[in-house]
Amino acid sequence: FKLQNEHEVFSKQYTDRKKELSGAIDELNLMRENTESMREKYNRYKSKMGSLKVELSETNKKLNKAVCIHKKLCNNINKLNIRYDEEAKKMETLMETIMKSITEIKNAITVNKQGIKELNAAKRNISDHIKEREKIAQELKELAAQKEDIILELNKIKAKRKKQGNKLLTEKQISRYCDSIANVKKGIEAVKSEYADLCDTCLLYTSPSPRDLSTSRMPSSACKKKKKKKQQ
């Protein structure tokens, strides 16, 4: 009876141990499966890590290249800044010279304006002189006409003398003609004395000849008129 009881107890323990062992075996199998899946995951992660290492090496190379490029760019920027400073200094000097030239141009413009005013005044003076010369010419023409009238009267008197048999003129006629000639001469001298400057500065009688610079050239028509006046 005792042995049966012990046998039953041992059998129960054995079944319990069996169940425990079967559970442990199941757990081991699960652990094996889990370890295999973990190994697969580990291999996958290893391969990923390798690819990531390759990518990291490539990115490091790219970063090194980018750093070199950045350094070159910084050097170029520094050079450009130096050039910019030099060009700015040149531009400042150019602006100073331009401002100076502008001030000089303004001064020249003011001087030119003054010169233009002076030229206008000179033109007015010249126009006044021309008008005065025209007046003188008209007066001289009138005097010349008076002279021609006197000469015609003298010629008439000469013709009368020839017809009358070379009779002498009366004293009254002689005095009258002498007075008229004297008046004409006085008028010519007065006109010449009033406008002596204009008569002296006539361009027709002061223009130098192209051949001889020491002598002055006179037009042929003026020479002929002078000869006629001398003969008269």
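The values are calculated or read from the model by the stated rules, or taken from the named source; none is laboratory data. It should be emphasised that the depicted structure is a prediction, and the values quoted were computed from it without experimental measurement. Here Cβ is always computed from backbone atoms with ideal geometry, including for glycine, and neighbour counts include all displayed protein chains. Just the protein is used for accessible areas: all its heavy atoms, side chains included, with ligands, DNA and RNA removed. Shrake-Rupley method; radii C 1.70, N 1.55, O 1.52, S 1.80 Å.
This table checks each residue for (1) open to solvent by 100 Å² or more (accessible area, probe 1.4 Å); (2) modelled with pLDDT under 70; (3) of a type in the set (Asp, Glu).
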{"site": "Lys135", "(1), (2), (3)": "yes, no, no"}
{"site": "Glu148", "(1), (2), (3)": "yes, no, yes"}
{"site": "Lys156", "(1), (2), (3)": "yes, no, no"}
{"site": "Gln164", "(1), (2), (3)": "yes, yes, no"}
{"site": "Lys167", "(1), (2), (3)": "yes, yes, no"}
{"site": "Thr170", "(1), (2), (3)": "no, yes, no"}
{"site": "Tyr177", "(1), (2), (3)": "no, yes, no"}
{"site": "Glu194", "(1), (2), (3)": "yes, yes, yes"}
{"site": "Asp200", "(1), (2), (3)": "yes, yes, yes"}
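Going through the range 117-133 one residue at a time, which ones are open to solvent by 90 Å² or more (accessible area, probe 1.4 Å) and more than 30 Å from Lys186 (Cα to Cα)?
Pass one, the range 117-133, residues open to solvent by 90 Å² or more (accessible area, probe 1.4 Å): 117-119, 123-124, 126, 131, 133.
Correct list: Lys117, Glu118, Leu119, Lys123, Arg124.
Within the range 61-95, how many residues turn out to be over 41 Å from the mean Cα position of the chain (by Cα) and among the small types (Gly, Ala, Ser)? Here the count works out to 1.
In the range 137-146, which residues are in contact with a helix residue (DSSP H, G or I) (Cβ under 6 Å, 6 or more places away or on another chain) and either surrounded by fewer than 10 Cβ atoms within 10 Å (Cβ to Cβ) or under 17 Å from Asp179 (Cα atoms) (or both)?
Residues satisfying the conditions are Leu143, Gln146.
Please work out if Glu132 is in contact with a helix residue (DSSP H, G or I) (Cβ under 9 Å, 6 or more places away or on another chain) and not β-branched (Val, Ile, Thr). Yes: the conditions hold for Glu132. Scan the range 19-33 and give yes if some residue there is surrounded by 10 or more Cβ atoms within 10 Å (Cβ to Cβ), among the β-branched types (Val, Ile, Thr) and within 60 Å of the chain's Cα centre (by Cα), otherwise no. Within the range 19-33, not a single residue is surrounded by 10 or more Cβ atoms within 10 Å (Cβ to Cβ), among the β-branched types (Val, Ile, Thr) and within 60 Å of the chain's Cα centre (by Cα).
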